[in-house]
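Visitor: Dumping the structure here so I can ask a few things about it.
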């Protein structure tokens, strides 16, 4: 029983990281129908920047802020340089473009930080035991910050006029332009938000799961699977999808074979697409972000 | 208020509009009619910047807006109420109206404008917090027009507001347009398939056929014109004219 | 409703049938020569790189087919490559299966896995296949690492270099010469598929999926076939790989290799199969160069440093030269070629009053029997009901018209009948068989097709190319027959003859070789009709065929439709031109606000008060009345 709780805790914590990345996919996809394959790299980059910044003597909060700011800028520059210039975006072109950026980012990280994975200093707090379940402070940081970020982003989309303008672009781009909303700016903003979400995921996860030049690949894929579970257009779906995937992975790794951890995402993806291509929580569409 | 001269436009290689000249004085309601494929919607899309003209000039209230993006033209004071309404379905009526005023100052003026819209379309008041996608077609049309009005436009252009609506609602909407013209001296360009309804409210009617303006005149004179009947009944003006 | 899964326009140039086969023959001959000469002139280290270029190039050809034809992309081409390599190594080392037999099974294994992955995914938008194949790559690597049977992290080794007739192919030059004919053959097969019936159909899908489906193209099935084939190419690459280096380990399924394959295909030009090989050489030399240059600039850089170049080149190519090397090459060629004079379209000549029957077919339903039946059709969009309980039947051999004001639901009815939309309620029956909710290609297989109000032309090909897609169901060459050029040749000639006949019929013969996008609007409409007629349908649905046609063209079309009816074809048309409808149709149905308000002969409908009120907007006042029959007016125009 203790084992189960331990696994569930670990699953929810990694699941929260997937949820943040999944939200990043949703933010960009709803506005510009682009699946941003560099979403995982945003997380890896944030982790590595924070590690270097902290290693060079910056206090941890400053290092984290610097990492987040760096990734938001990188995401915005990516949109300006590669997404904005394309006149007629097709699925194929969007995949190849974002793959190109993701590959270049990976390689740049490899050149700067080398091939070895590293972990950020854990956030403050001491680990403790509850009924035999050992709880790392970092788990609580992950869950707490993810919850706050998820609520803030959801409120932004549901309560502010700017957020509603982004939804308007996603739902009726033509009408959005006719009321004077610039789709180009909306796309830029969505990339910046996605960069923010990815970087938060990166710095939160780094102390436990490490960051390396290629850790974005699996993170990105799993974030995508989580987003797909939620139908690709819903934040609530993406968050639930992330948590579900994290728990499932953790249970499979704990009870079946730890080597199969990475296979879970793929199998879940195939099963969902075969049975419910609209996501498993179908009632949540764009209609309720 | 709106001057169009020598306008050519189309999609890719396909030219739809040929040398369109229009001069619409302030405070007038001009109806554009013509058969399917005559280029009426394309004309509106060119006016509002959804497609870029290949040549010609569009002047809005003395300002040359030719070639500007749709966002800029909206900010310059031309509101386009698109075909099929295109409301933002998941957003409430209130939010749809608020986004209509995206290019204008928010705050008290916006609230006042909203009151005007709700006064014009009282049935929206009861639906104000409902997602626009759950409204009936007629109500959605009212939201779309209201959204356009929230930008305090100098010119309001509407693409087939009667499309697919029950006759009673068509009447309501056209009454509202007539009021907008009379009470607010709004300049209105109306593309309509329902020529009969358009004739009742228009000061001037423009007949299009195959991408050209073939005749303009008052509704009274054009209603008696055989060729005009053919133009909107579908035979094509040019065919009837010969 | 254009599909978003379209490819860059350059892709479909492949299907542009204006290009003579002779020009391509030269390219292939040059390529063959280059391949043969390469090991003679290049130093051994370069030949070694060339061997990898050929091996990886095979996988890239497959990917190029997938992207160019199916408009989909695989980010896990390395997974199939690894499956082929592991399969071969296993069979050869563990079970001592002869090399060639083993190769067949190894390639088949890759194809079976692709079939299983593709079945659920290829119905969906392109993102899913891309991400799922990316996941597949991870899975294959995990499976190989975890399995002792597959040698875990060290993999399988001890695969010999191939030997035939006592000769061992163990130097780079010899292996190159062994591979070159295989690659060349693989290229030729791929090229034939692109240029043949399958390539034409999938090229059409990339322009307009709905139109291609309505002509009988089963998009899903063809995409699946191409995906499986592309995995086969990757599997073959894996086989040739493992025989060259003798080992295979989990790295073979790695993501960087998939990116490398993708880069080769993109750099070569999406959908250009020989471009993929050129791309493979370019990428391999780039790879070599970067691996040696980067550590010089950045001492201590280790690992997959070449990826920085891959990422940058991939992005830059897609942004600035989306046609890749193939596209650049074509533009260079075009500069040297004289521009062909644009054929001015001659005005339609009014033929004499030929009323003889057209396109008769022996086993059609006897005239008067029910061919199409629509029962209680309802369609809702969100909260709005566009079509409300519509029922009617269409009898064989009649012209049946559907009229009504804009927004009355006519096109929605057409969409439900032809399978483009599934009805919310109700059923559609064709020859007594229920077909609602099935795909448009099922409708087409029942010898029924349609045209579109908002034209759905295949704009990257010629008029002839458009109409040839209409022959899709009347021809049979599949992937295999299409790949082997000879049996498909006769069929292609047959298609070409039928296309000419149909073009003659609608008066488009002189426009046959023009790019369809360059045609005036009215001609494009006629071309759509010709395309539909090429299917030899029993039931033809025309959505506003008169819109955009000139007076002369209208009269020609009316005459054509009459002759088709005389030949036994059943025609249903949605039309705004009331007078044309009244003069042509046997029966008329009137829709208003989604409801059927009248059904009868033109005379009955013309005098129906409900129709007058709804369609013409006449109510209390009556200054706008139904115009008298248009025949008189039309006649007066002939005097011009």
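The values are calculated or read from the model by the stated rules, or taken from the named source; none is laboratory data. These numbers come from a predicted model, not from an experiment. Positions of Cβ are generated from backbone atoms using ideal geometry, with glycine treated the same way; all protein chains shown enter the neighbour counts.
Visitor: If I filter the stretch C:515-537 for residues that are within 14 Å of another protein chain (Cβ to nearest Cβ), surrounded by fewer than 24 Cβ atoms within 10 Å (Cβ to Cβ) and in contact with a strand residue (DSSP E or B) (Cβ under 7 Å, 6 or more places away or on another chain), do I get at least one hit?
Guide: There is at least one residue in the stretch C:515-537 that is within 14 Å of another protein chain (Cβ to nearest Cβ), surrounded by fewer than 24 Cβ atoms within 10 Å (Cβ to Cβ) and in contact with a strand residue (DSSP E or B) (Cβ under 7 Å, 6 or more places away or on another chain).
Visitor: Residues that are away from chain C (no Cβ under 14 Å), modelled with pLDDT of 90 or more and in contact with a strand residue (DSSP E or B) (Cβ under 8 Å, 6 or more places away or on another chain): which helices (runs of 4 or more DSSP H) entirely in the stretch B:141-242 hold 1 or more of them?
Guide: Numbers: elements: B:167-184, B:195-201, B:219-223, B:226-233, B:237-241.
Here the list reads B:167-184.
Matching residues to (1) surrounded by fewer than 16 Cβ atoms within 10 Å (Cβ to Cβ); (2) without any contact (Cβ under 8 Å) to a residue 40 or more places away in the chain; (3) within 14 Å of chain C (Cβ to nearest Cβ); (4) part of a strand (DSSP E or B):
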residue: A:81; (1), (2), (3), (4): yes, yes, yes, no
residue: A:104; (1), (2), (3), (4): no, yes, yes, no
residue: A:142; (1), (2), (3), (4): no, no, no, no
residue: A:145; (1), (2), (3), (4): no, no, no, no
residue: A:170; (1), (2), (3), (4): no, no, no, no
residue: A:195; (1), (2), (3), (4): no, no, no, no
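Visitor: If you don't mind, another one. Is the stretch A:112-119 home to any residue that is on the phi > 0 side of the Ramachandran plot, within 11 Å of another protein chain (Cβ to nearest Cβ) and surrounded by 14 or more Cβ atoms within 10 Å (Cβ to Cβ)?
Guide: Yes, because at least one residue in the stretch A:112-119 is on the phi > 0 side of the Ramachandran plot, within 11 Å of another protein chain (Cβ to nearest Cβ) and surrounded by 14 or more Cβ atoms within 10 Å (Cβ to Cβ).
Visitor: Could I ask something else about it? Could you identify the single residue in C:101, C:112 that is away from chain A (no Cβ under 14 Å), under 30 Å from residue C:210 (Cα atoms) and free of Cβ contacts under 8 Å to residues at least 40 places away in the same chain?
Guide: C:112
Visitor: Just the residues that are in a loop (DSSP other than H, G, I, E, B), touching a residue at least 60 places away in the same chain (Cβ under 8 Å) and more than 12 Å from chain C (Cβ to nearest Cβ), please, taken from the stretch A:208-242.
Guide: A:210, A:230, A:233, A:234
Visitor: Kindly evaluate residue C:312 against the criterion of being within 14 Å of chain A (Cβ to nearest Cβ), surrounded by fewer than 24 Cβ atoms within 10 Å (Cβ to Cβ) and outside any helix (DSSP H, G or I).
Guide: Details: within 14 Å of chain A (Cβ to nearest Cβ): yes; surrounded by fewer than 24 Cβ atoms within 10 Å (Cβ to Cβ): yes; outside any helix (DSSP H, G or I): no.
No; evaluated as a whole, the condition is false for this residue.
Yes or no, residue by residue, for (1) buried (at least 17 other Cβ atoms within 10 Å of the Cβ); (2) more than 14 Å from every other protein chain (Cβ to nearest Cβ); (3) more than 21 Å from the chain's Cα centre (by Cα); (4) modelled with pLDDT of 90 or more:
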| position | (1), (2), (3), (4) |
| --- | --- |
| C:377 | yes, yes, yes, yes |
| C:384 | no, no, yes, no |
| C:400 | yes, yes, yes, yes |
| C:420 | yes, yes, no, yes |
| C:434 | no, yes, yes, yes |
| C:461 | yes, yes, no, no |
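Visitor: Since residue C:265 meets every condition but one in (1) over 29 Å from residue C:32 (Cβ atoms); (2) crowded, with 24+ Cβ neighbours inside 10 Å; (3) within 14 Å of chain A (Cβ to nearest Cβ); (4) at pLDDT 90 or above, which condition does it not meet?
Guide: (1)
Visitor: Restricting the stretch B:110-121 to residues that are without any contact (Cβ under 8 Å) to a residue 40 or more places away in the chain and more than 21 Å from the chain's Cα centre (by Cα), which is surrounded by the fewest Cβ atoms within 10 Å (Cβ to Cβ)?
Guide: B:112
Visitor: Next question, about the same structure. For the structure I just gave you, tell me whether residue C:477 is surrounded by 21 or more Cβ atoms within 10 Å (Cβ to Cβ) and either farther than 21 Å from residue C:217 by Cα or at pLDDT below 85 (or both).
Guide: Against the criterion (surrounded by 21 or more Cβ atoms within 10 Å (Cβ to Cβ) and either farther than 21 Å from residue C:217 by Cα or at pLDDT below 85 (or both)), residue C:477 qualifies.
Visitor: Still on this structure: Across the stretch B:49-77, what is the total count of residues that are buried (at least 22 other Cβ atoms within 10 Å of the Cβ) and more than 9 Å from chain A (Cβ to nearest Cβ)? Please lay out each step first, then the result.
Guide: Restricting attention to the stretch B:49-77, the residues satisfying the condition of being buried (at least 22 other Cβ atoms within 10 Å of the Cβ) are B:49, B:58, B:60, B:70, B:73-74.
With more than 9 Å from chain A (Cβ to nearest Cβ) added as a condition, the list becomes B:58, B:60.
Qualifying residue count for the region: 2.
Visitor: Here's a follow-up. Which one is nearest to the other protein chains (Cβ to nearest Cβ) among residues in the stretch A:178-192 that are part of a helix (DSSP H, G or I) and buried (at least 24 other Cβ atoms within 10 Å of the Cβ)?
Guide: The first filter runs over the stretch A:178-192 and keeps only residues part of a helix (DSSP H, G or I), leaving A:178, A:183-192.
Add one more test, that the residue is buried (at least 24 other Cβ atoms within 10 Å of the Cβ), and what stays is A:178, A:190-191.
Details: A:178: 5, A:190: 16, A:191: 15 Å.
Checking each candidate, the answer is A:178.
Visitor: Hey, another quick one. Looking only at the stretch C:147-164, which residues are in a helix (DSSP H, G or I) and either at pLDDT below 85 or in contact with a helix residue (DSSP H, G or I) (Cβ under 7 Å, 6 or more places away or on another chain) (or both)?
Guide: Listed by number, the residues that qualify are C:152, C:153.
Visitor: Can we say residue C:456 is outside any helix (DSSP H, G or I) and either within 24 Å of residue C:418 (Cα to Cα) or out of contact with any helix residue (DSSP H, G or I) (no Cβ under 8 Å at 6 or more places or on another chain) (or both)?
Guide: Yes, satisfied.
Visitor: Can you confirm whether residue C:118 is buried (at least 22 other Cβ atoms within 10 Å of the Cβ), under 24 Å from residue A:261 (Cβ atoms), within 14 Å of chain A (Cβ to nearest Cβ) and touching a helix residue (DSSP H, G or I) at 6+ places or on another chain (Cβ under 7 Å)?
Guide: Criteria not met by residue C:118.
Visitor: What tally of residues in the stretch C:237-286 results from selecting those that are touching a helix residue (DSSP H, G or I) at 6+ places or on another chain (Cβ under 9 Å) and without any contact (Cβ under 8 Å) to a residue 40 or more places away in the chain?
Guide: Qualifying residue count for the region: 1.
Visitor: Kindly list, by first and then second residue, each pair from a residue in the stretch C:509-525 that is free of Cβ contacts under 8 Å to residues at least 24 places away in the same chain to a residue that is in a helix (DSSP H, G or I), limited to pairs with Cβ atoms under 9 Å and residues at least 6 apart or on different chains.
Guide: That search, which allows pairs on different chains as well, returns C:509/C:500; C:509/C:503.
Visitor: Restricting to the stretch C:68-98, name every residue that is in a helix (DSSP H, G or I) and out of contact with any helix residue (DSSP H, G or I) (no Cβ under 6 Å at 6 or more places or on another chain).
Guide: Kept after step one, since they are in a helix (DSSP H, G or I), are these residues of the stretch C:68-98: C:68-70, C:77-94.
Matches in the stretch C:68-98: C:86, C:90, C:93, C:94.
Visitor: Of (1) modelled with pLDDT of 90 or more; (2) within 11 Å of the chain's Cα centre (by Cα), residue C:234 satisfies all except one. Which?
Guide: For residue C:234, the exception is condition (2).
Visitor: Let me ask something else. Filter the stretch B:78-109 down to the residues that are farther than 19 Å from residue B:128 by Cβ and in a loop (DSSP other than H, G, I, E, B), then identify the one that is farthest from the other protein chains (Cβ to nearest Cβ).
Guide: For the stretch B:78-109, the residue satisfying everything is B:105.
Visitor: Would you pick out the residues in the stretch A:106-140 that are in a helix (DSSP H, G or I) and either in contact (Cβ under 8 Å) with a residue 40 or more places away in the chain or over 22 Å from the mean Cα position of the chain (by Cα) (or both)?
Guide: Hits for the stretch A:106-140 are A:106, A:107, A:109, A:110, A:111, A:112, A:113, A:138, A:139.
Visitor: Could you run through the stretch C:423-453 and say how many residues are over 28 Å from residue C:517 (Cα atoms), part of a loop (DSSP other than H, G, I, E, B) and in contact with a helix residue (DSSP H, G or I) (Cβ under 7 Å, 6 or more places away or on another chain)?
Guide: Going through the stretch C:423-453 one residue at a time, the tally reaches 3.
Visitor: Right, another one. Being within 19 Å of residue C:559 (Cα to Cα), crowded, with 18+ Cβ neighbours inside 10 Å and at pLDDT below 80, is that true of even one residue in the stretch C:625-632? Walk me through how you get there before you give the answer.
Guide: Residues of the stretch C:625-632 that are within 19 Å of residue C:559 (Cα to Cα), as a first pass: C:629-632.
Filter once more, keeping what is crowded, with 18+ Cβ neighbours inside 10 Å: C:630.
After this cut, where a residue has to be at pLDDT below 80 as well, the list is C:630.
Within the stretch C:625-632 (the criterion being within 19 Å of residue C:559 (Cα to Cα), crowded, with 18+ Cβ neighbours inside 10 Å and at pLDDT below 80), the answer is yes, since at least one residue qualifies.
Visitor: Something else: Within 13 Å of another protein chain (Cβ to nearest Cβ), part of a helix (DSSP H, G or I) and either more than 30 Å from residue C:523 (Cα to Cα) or at pLDDT below 85 (or both): is that true of residue C:291 in this structure?
Guide: When the stated conditions are applied, residue C:291 passes them.
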